[in-house]
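S.K.: Structure provided below as structure tokens; questions to follow.
The values are calculated or read from the model by the stated rules, or taken from the named source; none is laboratory data. Here the structure is a predicted model, which is why all the values come from computation and not from measurement. Cβ atoms come from the backbone with ideal geometry, glycine included; neighbour counts cover every protein chain shown. For accessibility, only protein heavy atoms count, side chains too; no ligands or nucleic acids. Shrake-Rupley method; radii C 1.70, N 1.55, O 1.52, S 1.80 Å.
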Amino acid sequence: MTNLLKITGLNYKKNQKYILRDVNLTLDEGKIIALLGENGAGKTSLMRVIAGVAKNYSGQVELAGGKEEAFRKAHLSFTDGLSGFGDTTKIKEVVNFYESLYSDFSENEFDELRKFMKLDLDMRLNQLSRGMREKLIIALTFARKADLYLLDEPFGGIDAMARKKIINSIILWKEDKATILISDHFVNEISTLLDEVVIIKNQTVFAHKSTDEIRENHESIEEYYEGLYEDEGE
Amino acid sequence: MISFSKVFKELFHVKNRVVHMIVLLNAVASIILTLIMLTSSNGGKGQISTGSRAYEIGNFGGFILVLAGVMAMMIFFTSAFYFIWSSVANEKIGRQQTWQLLPISSSKFYLANILSSLVSYIYMGLLQVAIIALDLLFGIMVSDGIRKWVNYIFSGTELSNVEVAEIAQGLILGALIVLLSTILWYLLIGIYHYLTRAAIEFMPFAGNKFITFLIRVVLLVAFIYALSMILNVFSDASRIIFDPSRAQAFDTMYLANLQLLILDIVFGGLNIFLYSRFVEAK
């Protein structure tokens, strides 16, 4: 198995407070990995550092053999909140933007995903509900042929039925060698997809295990994950 | 990775949407203002005078000429509006995750952002001048009076080659001053924004609005003070380097351009450093 992502000695602070401290993480290619942790643990910050949109950190982040931010960005696809587009922007204008700027963006792939998500190209962003917007973001993310997909709580506003459908289809949308790092609170729903689990706790990588290993010793991944916080709840 | 030209083109396209809207608003507002002016003066005499000569141009000819004048006057307001809008847009775009996720280095993206605003500004100016020129051309075609007036203006104004060269030199140097000043304006806004952002992110008081406000005020004062010191240094240096009383006609313009260029390079480099190191996506 080839290492795709290698993070060494990562420290990230904001306002003089550590968000991430001494994070070391290696991810192999071709895996689907859950990034779990309670709210404020640093999951989004870790993804932002990997994606190169969080700055002023120390340590090393290497993706597909490259350390520079621009190189990493070319090899990953991160769920973008579409902040760069006005509310009246049509979906097809967003697609035009992605197509003209990302050489790995496939319009055909997006079209298939769009139809799956039941989105109309002529719809404007301010006409989309929260769930529809998240579906659009997922479609745009997977329409790119990237080595690493970073999905930051992608299913929050999506209804349960659609969520199940999308989760079951994710494996079909990625290339064999591509890796997906997904942070989500619906642990049980995504557990069938997962190869590995990374837990962020106490500002660092608390645990990094394969799902097979977890299932050998626990009933489910959710049980394992909840077990880590049991003492704190009392 | 994406090329600089692709990112520049996309940013230029985004900014041009606003340029087209501004130019359209200028045209519509100018037409309305012209109509108001002509109707309030009961249509005027339909005549234009230059020196002792008067030319009959009719009401329509009057409308054409006044419209050209009003549009030319409005360029001041459209420029100011675009200036303010683009200054804010540059900073907003710089912090948007959609743009920060593009696989291009921070320095190239920063340059593409600033230069696209500058080129849009030039495009807006040229577009407005072209519309005024078309208006006057139309006037010349349809009004005999306007045609005669224009002929009178340009007759007897034969310029020698030297005079033409001097006029061209003056226009080019003046245009360069405007362009370099525009870039400097964008850079100064950027520096203030990035220093403020870096300071706020560094300080331990994350959510304290009063502290954030205080930081902005202190930095603004320090920034204006530092800038005035730099400008004084430049002013003293130019007095030492050459004697203004013996300066040739365009020497001060050449010097101003050089000073602006140096400031642009220094502040540009500083901005690129700050942007790459400290400015996170929202």
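S.K.: Would you please list the contacts, defined by Cβ atoms under 9 Å and residues six or more apart or on different chains, that run from a residue in segment B:1-30 that is over 24 Å from residue A:94 (Cβ atoms) to a residue that is β-branched (Val, Ile, Thr) and open to solvent by 20 Å² or more (accessible area, probe 1.4 Å)?
M.R.: Partner pairs satisfying both residue conditions: B:23/B:131; B:26/B:75; B:26/B:131; B:27/B:131.
S.K.: Could you look through segment A:15-47, keep only residues that are within 14 Å of chain B (Cβ to nearest Cβ) and open to solvent by 40 Å² or more (accessible area, probe 1.4 Å), and pick out the one that is nearest to residue A:2 (Cα to Cα)?
M.R.: A:44
S.K.: Taking segment B:202-224 as the region of interest, how many residues are in a loop (DSSP other than H, G, I, E, B) and in contact with a helix residue (DSSP H, G or I) (Cβ under 7 Å, 6 or more places away or on another chain)?
M.R.: The total comes to 2.
S.K.: Considering A:133, A:163, which residue is part of a helix (DSSP H, G or I) and open to solvent by less than 40 Å² (accessible area, probe 1.4 Å)? Walk me through it before giving the result.
M.R.: Values: A:133 fails: open to solvent by less than 40 Å² (accessible area, probe 1.4 Å).
It is A:163.
S.K.: Follow-up. Does segment A:49-93 hold any residues that are within 26 Å of residue A:21 (Cα to Cα), open to solvent by less than 20 Å² (accessible area, probe 1.4 Å) and away from every other protein chain (no Cβ under 11 Å), and which are they?
M.R.: A:50, A:61, A:63, listed by residue number.
S.K.: Would you pick out the residues in segment A:1-36 that are polar (S, T, N, Q) and either in contact with a helix residue (DSSP H, G or I) (Cβ under 6 Å, 6 or more places away or on another chain) or modelled with pLDDT of 95 or more (or both)?
M.R.: Result: A:8, A:11, A:24, A:26.
S.K.: While we're on this one: Out of the residues in segment A:207-223 that are touching a residue at least 24 places away in the same chain (Cβ under 8 Å) and under 21 Å from the mean Cα position of the chain (by Cα), state the one that is most open to solvent (accessible area, probe 1.4 Å).
M.R.: In this case the residue turns out to be A:208.
S.K.: Ok, one more. What pairs can you find where one residue is in segment A:171-185 and at pLDDT 90 or above and of a type in the set (Ser, Thr, Tyr), the other is part of a helix (DSSP H, G or I) and open to solvent by less than 20 Å² (accessible area, probe 1.4 Å), and their Cβ atoms are less than 7 Å apart, with a gap of 6+ or different chains?
M.R.: From residues that are at pLDDT 90 or above and of a type in the set (Ser, Thr, Tyr), the pairs are A:183/A:43; A:183/A:47.
S.K.: How many residues are open to solvent by 70 Å² or more (accessible area, probe 1.4 Å) and within 14 Å of chain B (Cβ to nearest Cβ) if we restrict to segment A:94-130?
M.R.: Matching residues across segment A:94-130 total 3.
S.K.: Which residue, of B:125, B:190, is closer than 23 Å to residue B:84 by Cα and free of Cβ contacts under 8 Å to residues at least 60 places away in the same chain?
M.R.: B:125
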